[in-house]
Amino acid sequence: MIPALLTDTVTLNLDRALYLTLLWGLEGVELRTIGGPSDRVPFVNEEKLRRRLLENELPAVAIVPGMFEGPVRDRRTWMNEVAAFDEVLSFCRRIDCPCVVVSAFAAEDEGTPIEEAARALRMAGDKAADYGVRMAVLNEPGSAFPTGRALATLLETANHPAVGGAWNPGAALQAGENPSEGLQALAGRVFLVRCSDWRLDPDRGVWEPAPFGEGAVGWPAQLRLLRDMDFTGPLSLEVRAEPRAKRGLHDATRLLQLLRQVRKPSSATTER
């Protein structure tokens, strides 16, 4: 498993983001917005990005171009996104990035036609496969497929080898799903994991960011399940609370501690 940082959750400044990634002991970056608030990959200073990644010996484990964020019934929009996907995939090839994270469409009052959503994923997946890139679909609050079980059903319907899940257990928790059950539903289909923690404010009845490993997600159990599933992909840290640098240091440190514990051989293995 590769601990990484979703950089713009801490800073939009590329140099500072890479510095903090290394300082905190993380091994890769997930890239979404770099530079100014409107500088979304792949429309960024690519020459500088490639140079800085090489200088710091940090891989871009995934990019998030902002795709499939609207309702699936808005067919014109997602068809245009699929048509323009080659530009995103070419960017991935140039910066040696193996994965594109896309959204799971916006929730709709009348429900989301799963076959149409799966068709969109298959079309994009065909293009991704041609470039040797994988596409990870993210479950998010407010999306049409916010839980692990719902996302697994979508991926099973799409049935494409280049299309998997970007598993977000915090989002599943907020949608009312047990994160362990959600991950088990996605077994064998997880390409990337988004790492944040949450707790329910009992007075307001709303979910709020918690220090990593201290919330309701149950990250030790999540990491053990991922290990048992032979997951070797990115664990992308998403910093949610202020001050970002201080919270990021705490969360990264805790993520690495938990990861080391999971990687330790069991006592039975040690005795053998």
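The values are calculated or read from the model by the stated rules, or taken from the named source; none is laboratory data. As the structure is a computational prediction, the values presented were derived from the model and not from experiment. For neighbour counting, all protein chains shown are included, and Cβ atoms are generated from backbone atoms with ideal geometry for every residue, glycine included. Quick note on the areas: whole protein, heavy atoms, side chains included, nothing else; ligands and nucleic acids left out. Shrake-Rupley method; radii C 1.70, N 1.55, O 1.52, S 1.80 Å.
Comparing LEU26, LEU53, LEU183 in a Gaussian network model of the chain where C-alpha atoms under 10 Å apart are linked, the largest mean-square fluctuation is found at LEU53.
Built from the Cα atoms of the stretch 57-167, the convex hull projects on average onto 6.5 nm², one quarter of its surface area. Assuming a ≥ b ≥ c are the square roots of the Cα gyration tensor eigenvalues, decide whether the chain counts as rounded (a/c under 1.5), prolate (otherwise, with a/b larger than b/c) or oblate. The shape class here is rounded.
Loop by DSSP (not H, G, I, E, B), at most 11 other beta-carbon atoms within 10 Å: where is the longest site-free stretch of the chain for GluC sites (Glu not before Pro)?
Of all site-free stretches, the longest is 111-272.
When cysteine pairs in the chain are screened for C-beta atoms closer than 4.7 angstrom, the residues that find no partner are CYS99, CYS195. The chymotrypsin sites (Phe, Trp or Tyr not before Pro) of the stretch 5-55 meeting both criteria, a DSSP state outside H, G, I, E and B (loop) and at most 14 other C-beta atoms within 10 angstrom of the site's C-beta, are PHE43. Evaluated on the stretch 216-269, the Kirkwood hydrodynamic radius is 12.5 Å, with distances taken between all distinct Cα atoms.
The portion of the accessible surface of the stretch 2-263 made up by carbon and sulfur, rounded to a whole percent, is 47 (1.4 Å probe; DNA, RNA and ligands excluded). What relative contact order, as a whole-number percentage, does the stretch 1-110 give when Cα pairs under 8 Å and 6 or more residues apart are counted? For the stretch 1-110, the relative contact order is 24 percent. Give me the dipole magnitude in Debye, nearest 20, for the chain about the Cα centre, with unit charges on the beta carbon: positive for Lys and Arg, negative for Asp and Glu. Approximately 720 debye in magnitude. Each part reduced to its alpha carbon centroid, the stretch 48-91 and the stretch 103-151 end up 15 Å apart. Return the inverse of the average 1/r over all pairs of distinct C-alpha atoms in the stretch 117-249, which is the Kirkwood hydrodynamic radius, in Å to one decimal. Taking the inverse mean of 1/r over all distinct Cα pairs, the stretch 117-249 comes out at 15.4 Å.
Of the peptides 193-200, 9-16, the ranking by mean beta-carbon count within 10 Å, highest at the top, reads 193-200, 9-16.
With contacts taken as Cα pairs under 8 Å at a separation of at least 6 residues, the stretch 2-263 carries a relative contact order of 17 percent.
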